[in-house]
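The values are calculated or read from the model by the stated rules, or taken from the named source; none is laboratory data. Note that the coordinates shown come from a computational prediction; the quantities given were computed from them, not determined experimentally. Using ideal geometry, Cβ is built from the backbone for each residue, glycine included, and neighbour counts are taken over all protein chains shown.
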Amino acid sequence: MIWNEGHLPESWTVSNLLKSHSSRPFNPDIANAFFRSDYVESWGRGISKMTTLYTEARLPKPTYIAESSDFWIEFRKDIYHTEYL
């Protein structure tokens, strides 16, 4: 599980986050510093990149939870594979 003290933009749901959308950093100054230091390659690609990676790895979709000032992503691995069984 990954937890972040933060919230989605006003009137957004997890559903909005999982479809194509514009990126609006909560703190543009911090976001720009990460971008300039090459910690961020582009805006608004994190969820779509994770989706591609877990799909390619044939892993279950993560669970996204947005509650109050908490945002959680819970990753699960597929235990139903040959090595495990």
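In segment 21-34, the residue that is nearest to Pro9 (Cα to Cα) out of those that are under 17 Å from the mean Cα position of the chain (by Cα) and hydrophobic (A, V, I, L, M, F, W, C) is Phe26. Entry remark, segment 18-49: residues being among the aliphatic types (A, V, I, L, M) and either more than 15 Å from Ile65 (Cα to Cα) or without any contact (Cβ under 8 Å) to a residue 12 or more places away in the chain (or both) number 4 in total. Scan segment 58-85 for residues that are in contact (Cβ under 8 Å) with a residue 60 or more places away in the chain, aromatic (Phe, Trp, Tyr) and outside any loop (DSSP other than H, G, I, E, B) and jot them down. Residues satisfying the conditions are Phe71, Trp72. Hey, any hits in segment 3-17 for a residue that's exposed (fewer than 10 other Cβ atoms within 10 Å of the Cβ), out of contact with any helix residue (DSSP H, G or I) (no Cβ under 8 Å at 6 or more places or on another chain) and over 23 Å from Ser68 (Cα atoms)? No. Scanning segment 39-60 for residues that are within 18 Å of Asn4 (Cβ to Cβ) and among the hydrophobic types (A, V, I, L, M, F, W, C) gives Val40, Trp43, Ile47, Met50. Which residues, taken from segment 34-55, are of a type in the set (Ser, Thr, Tyr) and either closer than 15 Å to Ile73 by Cα or part of a helix (DSSP H, G or I) (or both)? Matches in segment 34-55: Ser48, Thr51, Thr52, Tyr54, Thr55. Filter segment 39-60 down to the residues that are of a type in the set (A, V, I, L, M, F, W, C) and surrounded by 12 or more Cβ atoms within 10 Å (Cβ to Cβ), then identify the one that is nearest to Ser11 (Cα to Cα). The selected residue is Ile47. For segment 61-85, residues that are surrounded by 10 or more Cβ atoms within 10 Å (Cβ to Cβ) and either closer than 24 Å to His7 by Cα or in contact with a strand residue (DSSP E or B) (Cβ under 9 Å, 6 or more places away or on another chain) (or both) total 13. Is it true that some residue in segment 18-35 is on the phi > 0 side of the Ramachandran plot and out of contact with any strand residue (DSSP E or B) (no Cβ under 7 Å at 6 or more places or on another chain)? Looking for residues that are on the phi > 0 side of the Ramachandran plot and out of contact with any strand residue (DSSP E or B) (no Cβ under 7 Å at 6 or more places or on another chain), one finds none in segment 18-35, hence no.
Screening Glu74 with (1) at pLDDT below 85; (2) under 11 Å from the mean Cα position of the chain (by Cα) gives one miss only, at (1).
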